[in-house]
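See below for the structure under consideration.
Quick note: the coordinates plus some simple rules give every number you see, no bench work behind them. What you are looking at is a predicted structure, and each value in this text was computed from that prediction instead of being measured. Here Cβ is always computed from backbone atoms with ideal geometry, including for glycine, and neighbour counts include all displayed protein chains.
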Amino acid sequence: MTSGASRREQRGSNQVTRDDAATGDAGSQEECALEITWRAVYSPDGRSAECRKCGVRRSFHRVHARRAFACDRCGSHLYPASATAFAGSPLPLSAWLETAAAVVRSSGRVSARQLADTLNLSYQTAWRMRRRIQAGLSADGKSAQLLRELADAWARQAPQAAGRAASLGRPEDRIRAAACRVMAERGATAARIA
């Protein structure tokens, strides 16, 4: 079995792709989200960025214990999410990017309840996320442009909704989907729920 990291090495790319995130777990979705944010905020080439400490363009590498990239020369950290509307949030970047994509796709008409159900979050969390994204989009300027760019990049590179559906949604929906799969495979009597 080939891991996502070795597939990227074989392709000669350091970018996390949709295939890597779709076949992996939530961690690979986070890697994909962080890579998208890093490229949009600091480094379009995915490798080098302007180091604040060195004062010149340097090569950076991923710091795996944090949502950060470190300068190869001085070790100074850059946090891509700090320049976005979701700075300081403990929630996964993939959830933020999914929310941004849903808000941009629906022109702000997506409800907090829909987001909560899709992302398996509480209503209050989904409401706050949607509100923060909408505020960033209505702010016109660099912040709104960055949010739209991130949402578009996530929609292009993130795992498809079908791949995420197994891990997201309400428990009742996951049970119903599992019962339907069992019924399709083994017949109606095998899927009986007491």
Taking 138-147, 123-132 and ranking on average Cβ neighbours within 10 Å, highest first, one gets 123-132, 138-147
Using only alpha carbon pairs under 8 Å that are at least six residues apart, calculate the relative contact order of segment 42-157 and give it in whole percent.
18
What is the gain in length, in nm to one decimal, between Arg105 and Arg148 on full extension, counting 0.36 nm per residue of separation less the C-alpha to C-alpha distance?
14.5 nm
Amide H proximity to Val63 below 5 Å, modelled H, separation 5+ or other chain, gives Ala68, Phe69, Ala70
